[in-house]
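The values are calculated or read from the model by the stated rules, or taken from the named source; none is laboratory data. None of the values given here were measured: they were computed from a predicted structure. Reconstructed Cβ throughout: ideal geometry from the backbone, glycine too, with neighbour counts over all protein chains shown.
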Amino acid sequence: DAARAIEHIRVLSEEIGPRPAGTAAERQAAEYIASVLRRYGYDVELQTFPTPDQYIAAVTLPDGTTWQMGASRNGLITGDDPVRGSVVFAGRGLSDEEFPADVRGKVVLMEYVASARNVQVANAVSRGAAAVILYSTVGSRGNYGSAFSPSLSTTYDIPILGAALVQGQQLRDMIVQGGVEVSITTRHYANLQSVNVIGSRPASSGDPDAPVVIVSSHLDSVVGAPGANDDASGVGLALELARVLKSYNIDKELRFIFFGAEERGLIGSSYYVDHLSDAEASRIVGVFQADMVATSYPNVTHLYAMTVDGASNLVTEAAMAAGARLGNASILPGQFGSSDHVPFHYRGIPAALFIWMRVDSWDPLVYDIEKVYHTPQDTIAENISPERMQTALEIIGAAVFDLVRKDVPALHKAPHRWQEAQAGVAAWVARYDDTDPYAH
């Protein structure tokens, strides 16, 4: 049920908001996920691990709205003592003509130029700026610019912030409409711990050595982004499948894992995989990593089942077979890294990333994902499609269901089982069609 999955997205992206790794918000998300899994009867483990420091700014507007941005470690860390000032726009800040006549004591907003960032900041500081906000215009994957922590060659005694494109544009609009004064705090979060949430349901036989099927996602987001699609959508999908599958007889252990610190370099999934014994790793027959599974971006065309090397495995075969059984041509195989399936692949464990995108070429790789990726605009209103969530739920759910309820070879050798899978999917809807997401 896509509506149930989207309710989880709402809690994560709206009630909690941005969830940078190691912060209280990420921990709040982990506790929410753990509480849902316990309601469904899963055994829950919280696996903690260290994650790098974070430098984060809070910019408060006159109406009390607070925006999260990145802070530079090379600027002033204010703690609880905010810096206040009117915002002025100085273009790219590379010439006298771009600066207003008087910026002393003011917050200087500039369009970020990566190659000239040190000059930009030095020019603003030399004119007496109280703080500097650099806003990014474009992201690394053709998306809109996201919040960031500027890295500088000189240390300054004023706050230096990195804002998303939409934040910079809105501040510019406020300046044009009569001006805006902001309050800025910056903090250095050190000695951080992130967390993986692991919910397990044993095989119905009680066999402690039964094969394991994993459905995974990541619970963190980048600084400044509510992360509705990236990756509260994967969390919502996994929690909904956990609800649906909690009562079926299964001959494999079913494990739902929600990784922390994915956005910091797959830290949570790497920690999990690195701490598996060889015997534990050998039990895992497939990993379904759901990451960005509900975008409303119109340019994407398919839900891809991506492996690191492009080779098919049990997971991609199960997904493709599920799509065929359901008469849904949205699912395609492909090759892509950049998510939590990667550590499993390098441990020799079959794994695939499930993601909506458009691929125009595989060699060289040319692809399109939503423009609001990693930005404050990654919200339910701007970036979540119930229809695409439903498609992902049905295809991934049918594939997982087929694997956990029968012996692993050979999904593709038993095409007659499509009727049973179809009946199983229909049974999910009929059995769980109520308004309380925790009722069962």
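Observations, loosely collected:
- Filter result for Glu26 (touching a Lys or Arg at 6+ places or on another chain (Cβ under 7 Å) and touching a residue at least 24 places away in the same chain (Cβ under 8 Å)): yes
- Any chance Ser269 is within 23 Å of Arg19 (Cβ to Cβ), among the hydroxyl-bearing types (Ser, Thr, Tyr) and in contact with a strand residue (DSSP E or B) (Cβ under 7 Å, 6 or more places away or on another chain): yes
- Test result for Val293, assigned to a loop (DSSP other than H, G, I, E, B), closer than 30 Å to Asp43 by Cβ and touching a helix residue (DSSP H, G or I) at 6+ places or on another chain (Cβ under 7 Å): yes
For (1) touching a residue at least 60 places away in the same chain (Cβ under 8 Å); (2) outside any helix (DSSP H, G or I); (3) exposed (fewer than 13 other Cβ atoms within 10 Å of the Cβ), each residue gets a yes or a no:
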{"site": "Ala129", "(1), (2), (3)": "no, yes, no"}
{"site": "Arg141", "(1), (2), (3)": "yes, yes, no"}
{"site": "Phe148", "(1), (2), (3)": "yes, yes, no"}
{"site": "Asp157", "(1), (2), (3)": "yes, yes, yes"}
{"site": "Val166", "(1), (2), (3)": "yes, no, no"}
{"site": "Gln193", "(1), (2), (3)": "yes, yes, no"}
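- Being outside any loop (DSSP other than H, G, I, E, B), assigned by TED's automatic domain parsing to the domain that holds Ser385, among the aliphatic types (A, V, I, L, M) and surrounded by 17 or more Cβ atoms within 10 Å (Cβ to Cβ) holds for only one residue in Leu46, Leu37, and it is Leu37.
- Test: residue in the range 72-81 that is among the basic types (Lys, Arg), surrounded by 14 or more Cβ atoms within 10 Å (Cβ to Cβ) and outside any strand (DSSP E or B): yes
- Residue list for the range 49-58, restricted to those being farther than 30 Å from Val83 by Cα and either modelled with pLDDT under 95 or buried (at least 19 other Cβ atoms within 10 Å of the Cβ) (or both): Phe49
- Subset tally (residues that are in contact (Cβ under 8 Å) with a residue 24 or more places away in the chain and either in a helix (DSSP H, G or I) or more than 17 Å from Leu171 (Cβ to Cβ) (or both)) for the range 106-127: 11
- Among the criteria (1) free of Cβ contacts under 8 Å to residues at least 24 places away in the same chain; (2) closer than 12 Å to Val132 by Cβ, the one Ala57 does not fulfil is (1).
- Looking only at residues of the range 337-386 that are of a type in the set (Gly, Ala, Ser) and touching a residue at least 60 places away in the same chain (Cβ under 8 Å), we find that the one that is surrounded by the most Cβ atoms within 10 Å (Cβ to Cβ) is Ala352.
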